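Trainee: Sharing a structure, written as structure tokens. Questions coming.
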Amino acid sequence: MENDLDWEELVESASEQTCECYAEVVGAWLNEEVPRPDLSEWAPLIPVLQVWNNLSKDQEDPFGPVSFSQIPGSLLVSLTAKGAPCCPPDVRARLIHLAWHRRLCSHSLVQDGVEAYLESAKCLLNHDSWLTPFARFKGALDLGCSLRDSPAADTAVQGVEDAIRTLYPDDPLYFLLRLQQLLLDHRRGNPVEMLETCIDMAARARANYEAHGIGPNGLESDRELAYLETALAWAHRAKEEQRAVGLQRELGEAYARRAHGVIEANWPSRYSVAEHFLEKAIQSHRVAGASSRIEDLRGERERIQRQAVAEMGAFSFSVDLGDTPDSARGHVSSLPLEAALLRLVAQRSPPTSSRLDHEVRLHGARAHQLFPTVRLGPRGTKQVSRGSLLDATETEWAAERLREAHLQQQINAISFIEPALDQIAREHLLDSRVWLHVLVGSEFVSPPRRTSYARGLASGVRQEWDTSAAILVPQFEHGLRELFSRTGIVTTTLPGSGIQNELDLNKMLTHPRVGEVLSEEWALDLQALLTEKAGANLRNDLAHGILDDDAKIAAKIYLWWICLHFALCRDHTVAPLSCEDE
């Protein structure tokens, strides 16, 4: 390319002195109906002008998505060697950065590129959007710091620090903060000076929202938190660890103030939002080692969690089950009692892990795969938390599998078990005496436990699910422990004190030899129902008095079915037969 481009005409035609605006001007020239003799010289420059600086921390790729094949190396070599000194600063910086990134120019040009970036950035300091000048400052640091311990790196750092001093203390946007974080990303800058700047900016933000309230968007509170976090990073850089501890505590108090401000400002879902910030406050104080303050915040958080649950309120939704309940009734209708009960317990096989994985992916793709998920307990306590399923850990995926298993249990309880049981109860007497007769010969229910087991089953028939679950959970746990023992698995522990303890349900379902007693499907199904927070966690919630009246009714119905199944069926090392295989 000859060095005869009319840069002056381009600059005069652009609304702003940025590569983006230059690209628009050149594009308009190329689209004109009246041909111009020099258009062929401008056309190859379009891809160069359309490249944009990557604003992420990824230093391996300082530019946004671009196909470098569209920018011939010969063009960059020609422009940087001949045309760069004549270009506008923003174009000159872009050309040198692109050429240096591809190692098509000498390192001696890096200093010139940094100075061009800074010149362009300073001209754009009053830009409506801070992102435009920030991209130039970042380009200067990326380019300058690509040469270690070079004058170009020092020039770039000095340029960013000068911009911070210019903006301080009246920066209404986040520009100053982002420049601070940019220096931290490159491990550059004067940590003592930057630390003091951040502390002062945080204090100013706090004074603003304490004077006028947190407001509907919490902008000043956000600024305080962001500046305190950045100040904490500078304190560590300056090796002022005692000051870092103090800042960590102040950060915790700022989160607590944010929580109170949200409630006072009557934000939507204010208690749920406040609970989130109190959790952040506790985490910050935990890092600072402020144990006494943590206890105060935990008590406050528990009170707010209860209010958050009340704030959520109850909601209902309908699910079209088609003719499933009618089919369930027909499945057990007009049969002798024993045959009807066997049909009831044989109707379902616990799903396999592969099937659950498929359902998790299916539901995730439809709804919440991209978003973090938090599950709250009955009193508002956080029980399960995970990020996006797109990058879920093995533990998070296992929790989703349990959640899916419990969802299927609930559907099964409502669509089949309850209507089928109701039909059997319409045709047969099912009081405790009848259940005692049914349980005779059961290997799972030992004779000393039959009366209690029968009472639990009879309570379910009367739809007294709270009573039924309270009776059946400990009886089921005892029956499973006896099943383990008969298989030759020791069900007691022997600690150093010599005092033996019985294995509880939680430990039995995760025992290394559980496969000798239960199939993989049954073990996972019982975990989802009884012992895991990602599922119903029914056994633990009942044992610790967590559940209110009428809570988790579907889980209690499914528990009733589980207890009947184990009482009537013998081998659970394989999945039970479905009704079609009966």
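The values are calculated or read from the model by the stated rules, or taken from the named source; none is laboratory data. The structure presented is a predicted model; accordingly, all values stated were derived computationally and were not measured. Quick reminder, even Gly has a Cβ in these numbers, built from the backbone with ideal geometry, and neighbours come from all protein chains shown. Surface accessibility is based on the protein's heavy atoms, side chains included, excluding ligands, DNA and RNA. Shrake-Rupley method; radii C 1.70, N 1.55, O 1.52, S 1.80 Å.
Trainee: What about Ser108, is it surrounded by fewer than 21 Cβ atoms within 10 Å (Cβ to Cβ), without any contact (Cβ under 8 Å) to a residue 60 or more places away in the chain and among the small types (Gly, Ala, Ser)?
Mentor: Taking the combined requirement at face value, the residue satisfies it.
Trainee: How many residues does the stretch 396-424 contain that are at pLDDT 90 or above and either of a type in the set (D, E, K, R) or in contact with a strand residue (DSSP E or B) (Cβ under 6 Å, 6 or more places away or on another chain) (or both)?
Mentor: 2
Trainee: What pairs come out if I take residues in the stretch 415-436 that are basic (Lys, Arg) and pair them with residues that are surrounded by fewer than 20 Cβ atoms within 10 Å (Cβ to Cβ) and not in a helix (DSSP H, G or I) whose C-beta lies under 9 Å away, six or more apart or interchain?
Mentor: Arg426/Ser333
Trainee: Related question: Kindly establish whether Leu429 is open to solvent by less than 10 Å² (accessible area, probe 1.4 Å), over 29 Å from Asp357 (Cβ atoms) and either more than 42 Å from the chain's Cα centre (by Cα) or basic (Lys, Arg) (or both).
Mentor: no
Trainee: Does Leu421 qualify as being open to solvent by less than 20 Å² (accessible area, probe 1.4 Å), closer than 12 Å to Leu344 by Cβ and not in a helix (DSSP H, G or I)? Spell out how you get there, then give the answer.
Mentor: Numbers: open to solvent by less than 20 Å² (accessible area, probe 1.4 Å): yes; closer than 12 Å to Leu344 by Cβ: yes; not in a helix (DSSP H, G or I): no.
When the stated conditions are applied, Leu421 does not pass them.
Trainee: If you go through the stretch 212-241 one residue at a time, how many are open to solvent by less than 40 Å² (accessible area, probe 1.4 Å), at pLDDT below 95 and among the polar types (S, T, N, Q)?
Mentor: Of the residues in that region, 1 qualify.
Trainee: Okay, next question. Only one of these is open to solvent by 10 Å² or more (accessible area, probe 1.4 Å), of a type in the set (A, V, I, L, M) and touching a helix residue (DSSP H, G or I) at 6+ places or on another chain (Cβ under 8 Å): Leu131, Leu183, Leu173, Leu167. Name it.
Mentor: Residue meeting the stated conditions: Leu167.
Trainee: Right, next: Filter the stretch 526-562 down to the residues that are under 21 Å from Val360 (Cα atoms) and either without any contact (Cβ under 8 Å) to a residue 24 or more places away in the chain or of a type in the set (Gly, Ala, Ser) (or both) and list them by number.
Mentor: Ala528, Ala534, Gly535, Ala536, Ala554, Ala555
Trainee: Among the helices (runs of 4 or more DSSP H) lying completely within the stretch 464-557, list those that include at least 1 residues that are among the hydroxyl-bearing types (Ser, Thr, Tyr) and under 22 Å from Ser446 (Cα atoms).
Mentor: 465-486
Trainee: Name the pairs whose Cβ atoms lie under 7 Å apart, with the first residue in the stretch 213-239 and free of Cβ contacts under 8 Å to residues at least 24 places away in the same chain, the second aliphatic (A, V, I, L, M) and open to solvent by less than 20 Å² (accessible area, probe 1.4 Å), and 6 or more positions between them or separate chains?
Mentor: Short answer, once both residue conditions are applied: Glu220/Ala205; Glu229/Leu251; Leu232/Ala244; Leu232/Leu247; Leu232/Leu251; His236/Ala244.
Trainee: Quick check on this structure: which one of Ser318, Ser334, Ser349 is modelled with pLDDT of 85 or more and part of a loop (DSSP other than H, G, I, E, B)?
Mentor: Ser334
Trainee: Only residues that are open to solvent by 40 Å² or more (accessible area, probe 1.4 Å) and within 17 Å of Gly299 (Cα to Cα): list them for the stretch 242-270, please.
Mentor: Hits for the stretch 242-270 are Glu253, Arg257, His260.
Trainee: Among the residues of the stretch 490-512 satisfying the criterion of being in contact with a Ser or Thr (Cβ under 8 Å, 6 or more places away or on another chain) and either open to solvent by 40 Å² or more (accessible area, probe 1.4 Å) or over 23 Å from Asn540 (Cα atoms) (or both), which is modelled with the highest pLDDT?
Mentor: Asn506
Trainee: So, Ala328, is that one assigned to a helix (DSSP H, G or I), out of contact with any strand residue (DSSP E or B) (no Cβ under 7 Å at 6 or more places or on another chain) and farther than 17 Å from Gln410 by Cα or not?
Mentor: Details: assigned to a helix (DSSP H, G or I): yes; out of contact with any strand residue (DSSP E or B) (no Cβ under 7 Å at 6 or more places or on another chain): yes; farther than 17 Å from Gln410 by Cα: no.
So Ala328 does not fit the description; no.
Trainee: Test Leu436 against the stated conditions and say whether it is open to solvent by less than 30 Å² (accessible area, probe 1.4 Å) and of a type in the set (A, V, I, L, M).
Mentor: no
Trainee: What pairs come up if the first residue lies in the stretch 14-26 and is free of Cβ contacts under 8 Å to residues at least 40 places away in the same chain, the second is polar (S, T, N, Q) and in a helix (DSSP H, G or I), and their beta carbons are under 7 Å apart, counting only those six or more places apart or on different chains?
Mentor: Partner pairs satisfying both residue conditions: Ala23/Gln50; Val25/Ser13.
Trainee: Please work out which residue is least open to solvent (accessible area, probe 1.4 Å), limiting yourself to the stretch 519-540 and to residues that are touching a Pro at 6+ places or on another chain (Cβ under 7 Å) and of a type in the set (D, E, K, R).
Mentor: Ranking the qualifying residues of the stretch 519-540, first place goes to Asp525.
Trainee: Hey, another quick one. For the stretch 1-12, enumerate the residues that are open to solvent by less than 70 Å² (accessible area, probe 1.4 Å) and at pLDDT below 85.
Mentor: Within the stretch 1-12, Met1, Leu5, Asp6, Trp7, Glu9, Leu10 meet the criteria.
Trainee: In the stretch 478-494, which residues are closer than 13 Å to Pro512 by Cα and aliphatic (A, V, I, L, M)?
Mentor: The answer is Ile489, Val490.
Trainee: Continuing with the same structure: Might you check whether a residue that is modelled with pLDDT of 85 or more and within 23 Å of Leu182 (Cα to Cα) occurs anywhere in the stretch 68-90?
Mentor: Looking through the stretch 68-90, at least one residue is modelled with pLDDT of 85 or more and within 23 Å of Leu182 (Cα to Cα).
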